[in-house]
Amino acid sequence: MATIEEAYAVAIDHHQAGRLDEAAIIYQRILDADPEQAHASHLLGIVAGQRGRPAEAVALIGAAVARDGLNTDFLGNLGAALKAAGRYDEAIRHFARALALEPAARGVLGNLGSALAADGRIGEAVPWLGRAAALDPAHFETLLNLGIALRDAGRFDEAEAALETAESLRPNHPHPVCELAVLKLALGDFEEGLALYERRWDYTGQSAAVSGKPVWRGEDIADKTILLYYEQGLGDTLQFVRYAPLLADRGARVLLIVQPELRRLLASVRGIDRLATYDDASALPRFDLCCPLMSLPFAFGTRIDGIPSGVPYIMPPPDLVAAWAKRLGWNRTGDSAGKRPLRVGFVWSGNPRRHDPTSHAMDRRRSVPFALMEPLLSVPGIAAVSLQVGDAAEQAQAAVAAGLFTDPMAGVTDFADTAAIAAHLDLVVTVDTSVAHLAAAIGRPVWMLSRADACWRWLRGRDDSPWYPTMRLYRQDSPGDWGPVMARLGHDLAAAAAAWDQNCAEALSRKARPGW
């Protein structure tokens with residue numbers, strides 16, 4: 001009969017060779033024979049983490065920590081499991097406990113920094129990642145995470161150096177290249193940034209090609225049929241569908257696969273011959289070329305001073321616009337007295353995507369608690385309208401009941417309805433979510449709240465957007481601090497409402513300017 005030490009040796013050999021099933025069976029047998037074997041619980045938890053089961057990993061490694069709370073490996077790996085599960089506060093606490101026992105634990109230093117960054121605490125993350133990189137200047141993951149954190153902190157030269165070093169350590173790895181692409185794009189270097197961004201397909205392990213057809217890269221497309229398709233979020237589709245008419249202008253027949261929520265709305269886009277979702281894409285005609293929507297700026301050779309920014313390029317169905325006006329008792333040009341309040345739509349939260357810890361953490365950074373938005377509803381001279389969907393809409397029910405604003409969203413079935421409502425609004429105040437793209441694409445004035453580590457498309461150091469001429473950006477000065485942003489918004493909204501009359505509608509539709 002093998003001893004526990006011999007069983008460990010065999011299991012660890014399996015584990016190191018990547019034979020996770022065999023290793024897990026032996027770790028479990030050791031644990032069944034002696035439930036106090038903290039190392040078996042710890043190692044079984046690591047296997048669970050490697051299998052993509054973070055909750056199971058937390059439970060198993062947590063049991064090991066409960067038996068031996070002074071083991072820095074246990075504490076560090078519990079922190080890593082908690083981080084993978086999106087439980088960043090707990091992860092940070094366990095990393096800190098491990099570092100209190102072993103201050104120079106390189107892996108823990110880097111993990112603490114990346115957990116802080118994932119939690120949006122960029123300013124705190126950079127020093128920890130810097131310490132980890134100083135201890136091990138050739139550690140790929142540390143340099144990659146340091147570069148990302150420095151970029152999000154606005155330290156672009158240092159970020160570029162760290163990311164380029166990470167790339168040099170693993171020349172064929174696409175991740176640092178993609179992060180460099182985001183940095184270049186955020187700084188307005190579209191020539192290099194868009195080219196680097198095409199490496200995202202290597203990072204995801206997928207192909208941009210569909211049905212074996214070549215990807216269009218800007219060559220002559222006259223008399224050809226091209227299939228465009230979405231690859232990322234709803235906002236991305238709304239932003240980049242602007243290129244479809246340009247393809248039609250070059251003589252192409254354009255097919256488009258979109259998300260179901262956008263199908264009815266995007267039927268209005270000029271130049272699109274056929275629309276489908278992935279569920280019925282097989283019914284589309286045969287095509288010669290294909291291109292993901294987010295590759296169109298690269299294929300067209302877009303530069304920051306040549307973005308196709310004419311709006312509106314999306315139009316809600318006219319019958320739907322009229323139906324919503326009747327439903328809400330709105331007259332687009334004013335009431336019988338020729339006067340009405342400034343109609344303002346509000347969105348304070350994005351899609352939380354709780355199944356994805358990284359996306360959920362990003363959504364927490366971009367979303368605003370309704371309590372911070374609520375004072376804007378009482379600005380004299382406005383009629384506030386909710387465009388918020390999802391669980392976050394429940395935060396405003398007391399305000400709706402109190403008559404502070406109208407909530408028509410229960411009757412909305414897709415983005416065509418939302419666009420039809422927005423067509424009657426004079427202004428949309430929103431966080432960085434798909435409604436910002438929707439409202440701007442139909443030509444409505446948009447004031448968008450932007451987190452400090454903004455998406456690359458909003459660039460840096462400006463309060464307007466070359467993508468949308470009717471958009472104004474309200475940026476955080478520091479991560480997580482919405483106070484100054486809401487103060488500026490409140491001031492500007494009060495000034496806009498005070499100045500409002502029917503003749504202001506034309507001025508509102510022009511490019512918004514600070515102080516308007």
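The values are calculated or read from the model by the stated rules, or taken from the named source; none is laboratory data. Quick caveat: nothing in here was measured; it's all calculated off a predicted structure. Reconstructed Cβ throughout: ideal geometry from the backbone, glycine too, with neighbour counts over all protein chains shown.
Scanning the range 426-444 for residues that are crowded, with 21+ Cβ neighbours inside 10 Å and part of a loop (DSSP other than H, G, I, E, B) turns up Asp426, Asp432, Thr433, Ile442, Arg444. Here Leu328 fulfils each of the conditions (1) at pLDDT below 95; (2) in contact with a Phe, Trp or Tyr (Cβ under 8 Å, 6 or more places away or on another chain) apart from (2). Meeting the requirement of 2 or more residues that are of a type outside the set (A, V, I, L, M), the strands (runs of 3 or more DSSP E) wholly within the range 247-332 are 272-276, 289-292. Please go through the range 212-240 and pick out each residue that is in a strand (DSSP E or B) and among the hydroxyl-bearing types (Ser, Thr, Tyr). Thr225, Tyr229, listed by residue number.
In this structure, does Glu160 turn out to be within 19 Å of Arg200 (Cα to Cα) and in contact with a Pro (Cβ under 8 Å, 6 or more places away or on another chain)?
So Glu160 fails the test.
Scanning the range 47-73 for residues that are in a helix (DSSP H, G or I), over 21 Å from His14 (Cβ atoms) and touching a residue at least 24 places away in the same chain (Cβ under 8 Å) turns up Pro54, Ala55, Val58, Ala63, Val65, Arg67, Thr72.
For the range 277-296, a residue qualifies if it is within 30 Å of Glu192 (Cα to Cα) and among the charged types (D, E, K, R), and exactly one does: Asp288. If only residues of the range 346-401 that are surrounded by fewer than 15 Cβ atoms within 10 Å (Cβ to Cβ) and charged (D, E, K, R) are counted, the one that is farthest from the chain's Cα centre (by Cα) is Glu394. The residues in the range 429-442 that are over 15 Å from Phe415 (Cα atoms) and either without any contact (Cβ under 8 Å) to a residue 40 or more places away in the chain or over 18 Å from the mean Cα position of the chain (by Cα) (or both) can be counted, and the count is 1. If you go through the range 362-377 and keep only what is of a type in the set (A, V, I, L, M), in a helix (DSSP H, G or I) and within 17 Å of Glu394 (Cα to Cα), you end up with Ala371, Leu372, Met373, Leu377. Comparison of Ala91, Ala81 shows that the only residue that is part of a helix (DSSP H, G or I) and either within 19 Å of Leu129 (Cβ to Cβ) or at pLDDT below 95 (or both) is Ala91.
For every residue, the table says whether it meets (1) of a type in the set (Phe, Trp, Tyr); (2) surrounded by fewer than 14 Cβ atoms within 10 Å (Cβ to Cβ); (3) closer than 30 Å to Leu187 by Cβ; (4) modelled with pLDDT of 95 or more.
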residue: Gly271; (1), (2), (3), (4): no, no, no, yes
residue: Leu275; (1), (2), (3), (4): no, no, no, yes
residue: Asp280; (1), (2), (3), (4): no, yes, no, no
residue: Leu293; (1), (2), (3), (4): no, no, yes, yes
residue: Pro297; (1), (2), (3), (4): no, no, yes, yes
residue: Gly306; (1), (2), (3), (4): no, yes, yes, yes
residue: Ile314; (1), (2), (3), (4): no, no, yes, yes
residue: Asp319; (1), (2), (3), (4): no, yes, no, yes
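So, in the range 151-188, of the ones that are aliphatic (A, V, I, L, M) and not in a helix (DSSP H, G or I), which residue ends up modelled with the lowest pLDDT? Per the stated criteria, the residue is Ala153. Residues in the range 241-260 that are over 16 Å from Pro285 (Cβ atoms) and under 23 Å from the mean Cα position of the chain (by Cα) were compared, and the one that is surrounded by the fewest Cβ atoms within 10 Å (Cβ to Cβ) is Pro260. Check whether at least one residue in the range 189-197 is part of a loop (DSSP other than H, G, I, E, B) and buried (at least 17 other Cβ atoms within 10 Å of the Cβ), and report yes or no. Checked the range 189-197: no residue is part of a loop (DSSP other than H, G, I, E, B) and buried (at least 17 other Cβ atoms within 10 Å of the Cβ).
Considering Gly490, Gly403, which residue is out of contact with any His (no Cβ under 7 Å at 6 or more places or on another chain) and in a loop (DSSP other than H, G, I, E, B)?
Step by step, each of Gly490, Gly403 is checked, and only Gly403 is out of contact with any His (no Cβ under 7 Å at 6 or more places or on another chain) and in a loop (DSSP other than H, G, I, E, B).
Look at Ala181 and say whether it is among the hydrophobic types (A, V, I, L, M, F, W, C) and surrounded by fewer than 18 Cβ atoms within 10 Å (Cβ to Cβ). For Ala181, the condition - among the hydrophobic types (A, V, I, L, M, F, W, C) and surrounded by fewer than 18 Cβ atoms within 10 Å (Cβ to Cβ) - is not met.
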